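So the structure is just underneath, and the comments pick up after that.
The values are calculated or read from the model by the stated rules, or taken from the named source; none is laboratory data. Because the structure is predicted, anything quoted here is derived from the model rather than measured. Neighbour counts are summed over all protein chains in view; Cβ atoms, including those assigned to glycine, are modelled from backbone coordinates with ideal geometry. Accessible surface is based on the protein model in full, side chains and every heavy atom, while ligands, DNA and RNA are left aside. Shrake-Rupley method; radii C 1.70, N 1.55, O 1.52, S 1.80 Å.
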Amino acid sequence: EQYVRRLGGGVVVVGMGGELDEELAHPAPLDRLLPVAFEPAGVEEAKRRVCMMLLIDRSASMMGPRIAATKRAAIELVNQLAPEDLVGLLAFDTEAYIVADVQPARNISAQIVEKLVHLKSTGGTDIYPALVAARERLAASGASVKHAILLSDGLTPISLPQYRALLRDMKEQHI
């Protein structure tokens, strides 16, 4: 509960089936957190600064409905941020490309549709360079809450030791 309310963390809830009336009859500790709302509630939260990096896969495997859905998801995510929250957009195929560098959400909200319209699917896929670029920008943001959101079909070459080292570094930087 503290991770969500005080530190800005997220919660993923997956239903496991069962009888809904029985679940509703027996409150669970998780119920206090639902629905999750992204609103500062006090002094500590007001001092918090959020920075979100969106990593958008633009490779050939994303062509058609996949890239269209990804663009819509990116727009929705940015529109949910507070105007003072920071956001950056990276597109990637085998390299990372800056679509919009880290800036307050109020600055990018009006431009995001225009920037994403020009994003075309092409090339191969390698998520690693995009993760490295996102880590660098998030680490330099000065934000207390840092999120890298990957929008991809996940088809990428994997070097487990390389990814593990990068993810360990990101975790140490609270990303």
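Scanning region 105-135 for residues that are over 13 Å from Leu86 (Cα atoms) and of a type in the set (S, T, N, Q), we see that the one that is surrounded by the fewest Cβ atoms within 10 Å (Cβ to Cβ) is Thr122. Are any of the residues in region 146-168 among the acidic types (Asp, Glu) and at pLDDT below 90? Within region 146-168 (the criterion being among the acidic types (Asp, Glu) and at pLDDT below 90), the answer is yes, since at least one residue qualifies. Can you confirm whether region 34-44 contains a residue that is out of contact with any strand residue (DSSP E or B) (no Cβ under 6 Å at 6 or more places or on another chain), modelled with pLDDT of 65 or more and either among the acidic types (Asp, Glu) or under 26 Å from Gln173 (Cα atoms) (or both)? No: region 34-44 contains no residue that is out of contact with any strand residue (DSSP E or B) (no Cβ under 6 Å at 6 or more places or on another chain), modelled with pLDDT of 65 or more and either among the acidic types (Asp, Glu) or under 26 Å from Gln173 (Cα atoms) (or both). The C-beta contact set for region 58-71 (first residue over 13 Å from Asp126 (Cβ atoms), second residue assigned to a helix (DSSP H, G or I) and open to solvent by 40 Å² or more (accessible area, probe 1.4 Å), distance under 9 angstrom, 6+ apart or interchain) comprises Lys71/Val113; Lys71/Val117.
Beta carbons closer than 7 Å, at least 6 apart along the sequence or on distinct chains, pair a first residue in region 136-151 that is surrounded by 19 or more Cβ atoms within 10 Å (Cβ to Cβ) with a second that is part of a helix (DSSP H, G or I) and modelled with pLDDT of 95 or more for Lys146/Leu138; Ala148/Leu131; Ala148/Ala134; Ala148/Leu138. Residue pairs whose Cβ atoms lie under 6 Å apart, separated by 6 or more positions or on different chains, with the first residue in region 96-108 and farther than 16 Å from Ile56 by Cα and free of Cβ contacts under 8 Å to residues at least 60 places away in the same chain and the second acidic (Asp, Glu) and outside any helix (DSSP H, G or I), are Pro104/Glu84; Ala105/Asp85. Consider region 82-104 and keep the residues that are small (Gly, Ala, Ser) and open to solvent by 10 Å² or more (accessible area, probe 1.4 Å). The one that is modelled with the highest pLDDT is Ala96. The set of residues in region 103-132 being more than 30 Å from Arg164 (Cβ to Cβ) and in contact with an Asp or Glu (Cβ under 8 Å, 6 or more places away or on another chain) consists of Pro104, Ala105, Arg106. Residues Gly154, Gly142, Gly124: which one is more than 24 Å from Ser59 (Cα to Cα) and out of contact with any Phe, Trp or Tyr (no Cβ under 9 Å at 6 or more places or on another chain)? Just one listed residue meets the conditions, Gly142.
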